[in-house]
Amino acid sequence: RGNPSDYKNLSVQVVRAEGLTLRTEGWGAGMPDPYAIVTAYRNDGPPVTRRTRTIADWYRPVWNQRLHFGRGRWQTFKVVIWDSDGFFNEGDDLLLTTPRVSIEAFKSLSCCAAKSLQDVSDPQLGRVYVETQLSS
């Protein structure tokens, strides 16, 4: 099942998002109540999903929330940001999705602590800033 040194603890800190736009209209529309879902994918088991808290009425949410995924042979992750509609409007609205990103490639993208993941298919959707950490 691999070298024990390949197994690491993964945490992802969801720092903030900006440029979010809500694409719905009608009753209950207005400022979004965003939350982020982070899904981490590994070689040694099923994907693991974690959720941030909801930030009420804001297009530029700051979560600064660390999500822990446990130990595994982590490969990629992606972030999806939703607008929480509670029990209104028949479900939450999608605000932003990132492509799956290699954890190793993401670590080497920049020396900066926070890096931007942007949906390359539509740069007008907004940005989310996250930090990843792998530890033994």
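The values are calculated or read from the model by the stated rules, or taken from the named source; none is laboratory data. Since the structure is predicted, the reported quantities are computational estimates derived from the model, not experimental observations. Quick reminder, even Gly has a Cβ in these numbers, built from the backbone with ideal geometry, and neighbours come from all protein chains shown. Side chains are part of the model used for accessible areas, which takes the heavy atoms of the whole protein and leaves out ligands, DNA and RNA. Shrake-Rupley method; radii C 1.70, N 1.55, O 1.52, S 1.80 Å.
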Being in contact with a helix residue (DSSP H, G or I) (Cβ under 7 Å, 6 or more places away or on another chain) and over 23 Å from D92 (Cα atoms) is the filter here, so list the residues in segment 48-81 that pass it. R73, W74, Q75, T76
Kindly list, by first and then second residue, each pair from a residue in segment 37-52 that is touching a residue at least 12 places away in the same chain (Cβ under 8 Å) to a residue that is of a type in the set (F, W, Y) and exposed (fewer than 13 other Cβ atoms within 10 Å of the Cβ), limited to pairs with Cβ atoms under 8 Å and residues at least 6 apart or on different chains. none
Tally of residues being at pLDDT below 60 and surrounded by 12 or more Cβ atoms within 10 Å (Cβ to Cβ) across segment 115-125: 5
Counting only residues that are more than 11 Å from the chain's Cα centre (by Cα) and either at pLDDT 95 or above or open to solvent by 60 Å² or more (accessible area, probe 1.4 Å) (or both), how many does segment 31-41 have? 2
Sort out for me the strands (runs of 3 or more DSSP E) sitting completely within segment 49-114 that have 2 or more residues that are farther than 16 Å from Q13 by Cα, at pLDDT 90 or above and of a type outside the set (G, A, S). 74-83
